[in-house]
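Some notes on the structure that comes next.
The values are calculated or read from the model by the stated rules, or taken from the named source; none is laboratory data. The model shown is predicted, which means the values in this text are computed figures rather than measured ones. Cβ atoms come from the backbone with ideal geometry, glycine included; neighbour counts cover every protein chain shown. Please note that ligands, DNA and RNA were not included when accessible areas were found on the heavy atoms of the full protein model with its side chains. Shrake-Rupley method; radii C 1.70, N 1.55, O 1.52, S 1.80 Å.
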Amino acid sequence: MSIALKAEDISKQYRLGQVGTGTLSHDLKRFWYKTRGKEDPYLKVGAENDRTTVDSSGYVWALKDINFEIAQGDMVGIIGKNGAGKSTLLKLLSRVTAPTTGQIKIKGRIAALLEVGTGFHPELTGRENIYLNGAILGMNRIEIKAKLDEIVEFSGCQKYIDTPVKRYSSGMIVRLGFAVAAHLEPEILIVDEVLAVGDAEFQDKCIGKMKDISGEGRTVLFVSHNMASMKALCKKGFLMEKGRMTNKGNMTEIIETYLAKTTKSSATGEIPDDASSMNTGIAKYRSIQLIDAQNSPIDRVNYMADLRFNMTLDCKSPLKDVIIDLRINTRDGVELVHTMNKYGSSDKQPLSQGLNKISCKIHNQLQPGNYSVTIGVHESNGVTLDFVENILDFSVMNIGEGENSGFSYDFKLGHVHFNSKWVVEA
């Protein structure tokens, strides 16, 4: 099978701080080294892409020494923490920006959905933007017109197709953007995490469309934090860490490697400073523990035994009307439980300045298996103050493994148990 994409030693360096063209001294130094046949001195410096450290050189490698080949028709998933370099890699492959070193070989046309609104002119209508994007892909007006009705119907934006895009919601822009990218028949489709903006129904449509595209022999690159979608869609995957591609291969194995490396709380329950995927500095989770009825930390709980969590949240100032939430996911990233403090603003307890002790008790109906916990705190207007993903792992034990032996459930039947009443009539 022919190669659709090939990256050879590609790296991307950015200058930190204020964006500009650089300084005269830097330009002269580069020119002097070049005339003497020496390597650019500013390609030798620069920290790796580690968002937890501060570097004094003024440069950072967003990507470093990336090599891979993607065959025509492959559907490849790219996973990694925020700041790992995933989006930068997609921008290089989409030719939005050029690599600092190395080269990229591409066979065929590329359509990319990188960020909300990318490629759309806000003053043009949805219809006009479809023609604009088609022209960018190298299609003529007749080819675009033949696909127009199909694109509009898929997007669900029929009512607003002749309205300027600047008046669209972010969800509508994503709908139209994906419909355009997927239906104008590119040989390579690149999709970043923007599908998370769309509703569940549209996400299902997009996943089905990407499967169809791959089945037609076209190539798909997909970035997402939804491990279940990645596992269902992609057979092959890449793992990005601090600007480097650390693992390639089977998608299931890549996901297991990624989840095993995800930051966890310590044995004492303390949460590392760099564990948050989103944080404003206003509030910060400091610890989380799963405890038993005697308040002792545990990492395993018997089937149907209550789940008790203790957390500490550090606030810079008093907070009122905040939403505290806790989520329980499978190790594949499927969210099974999402609970929060009560919805009514009068029911929410205010948080004091300094450390706040928070407890949460959940009636456990999870089947035996392995799970992870995500915690967050948000203002009532939706602004996230702190969000820590997969910070605590725990196991639900089969009853036969615990104190009450002699009876067990087959957890392969599902993830959650519900009591039910059955009636059989002859």
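Of the residues making up the range 87-103, those that are open to solvent by 10 Å² or more (accessible area, probe 1.4 Å) and out of contact with any helix residue (DSSP H, G or I) (no Cβ under 6 Å at 6 or more places or on another chain) are Ser87, Thr88, Lys91, Ser94, Arg95, Val96, Ala98, Thr100, Thr101, Gly102, Gln103. Only residues that are of a type outside the set (Gly, Ala, Ser) and more than 18 Å from Gly119 (Cβ to Cβ) were counted across the range 142-159, and they come to 7. For the range 104-146, what are the residues that are under 19 Å from Val191 (Cβ atoms), open to solvent by 60 Å² or more (accessible area, probe 1.4 Å) and not in a loop (DSSP other than H, G, I, E, B)? Matches in the range 104-146: Ile136 only. Which ones in the range 147-172 are open to solvent by 80 Å² or more (accessible area, probe 1.4 Å) and either assigned to a loop (DSSP other than H, G, I, E, B) or under 15 Å from His121 (Cβ atoms) (or both)? Answer for the range 147-172, where residues must be open to solvent by 80 Å² or more (accessible area, probe 1.4 Å) and either assigned to a loop (DSSP other than H, G, I, E, B) or under 15 Å from His121 (Cβ atoms) (or both): Asp162, Lys166, Arg167. Criterion applied to Gly281, Gly269, Gly237 was being of a type in the set (Gly, Ala, Ser) and under 27 Å from Ser214 (Cα atoms), and the one residue passing it is Gly237.
Counting only residues that are in contact with a Lys or Arg (Cβ under 9 Å, 6 or more places away or on another chain) and farther than 20 Å from Thr262 by Cβ, the range 378-392 holds 2 of them. From the list Ile213, Ile282, which one is of a type in the set (A, V, I, L, M), open to solvent by 10 Å² or more (accessible area, probe 1.4 Å) and over 14 Å from the mean Cα position of the chain (by Cα)? After ruling out the rest, the residue left standing is Ile282. For the range 12-36, a tally of residues being of a type outside the set (Val, Ile, Thr), exposed (fewer than 10 other Cβ atoms within 10 Å of the Cβ) and either part of a loop (DSSP other than H, G, I, E, B) or modelled with pLDDT under 70 (or both) returns 5.
If you go through the range 286-330 and pick out every residue that is out of contact with any Leu (no Cβ under 7 Å at 6 or more places or on another chain) and part of a loop (DSSP other than H, G, I, E, B), you end up with 13. What pairs can you find where one residue is in the range 155-171 and at positive phi, the other is of a type outside the set (Phe, Trp, Tyr) and in a helix (DSSP H, G or I), and their Cβ atoms are less than 8 Å apart, with a gap of 6+ or different chains? Pairs that qualify, where the first residue is at positive phi and the partner is of a type outside the set (Phe, Trp, Tyr) and in a helix (DSSP H, G or I), are Gly156/Arg175.
The condition (being open to solvent by less than 50 Å² (accessible area, probe 1.4 Å), small (Gly, Ala, Ser), modelled with pLDDT of 90 or more and within 19 Å of Cys360 (Cβ to Cβ)) is satisfied by just one residue among Ser265, Ser287: Ser287.
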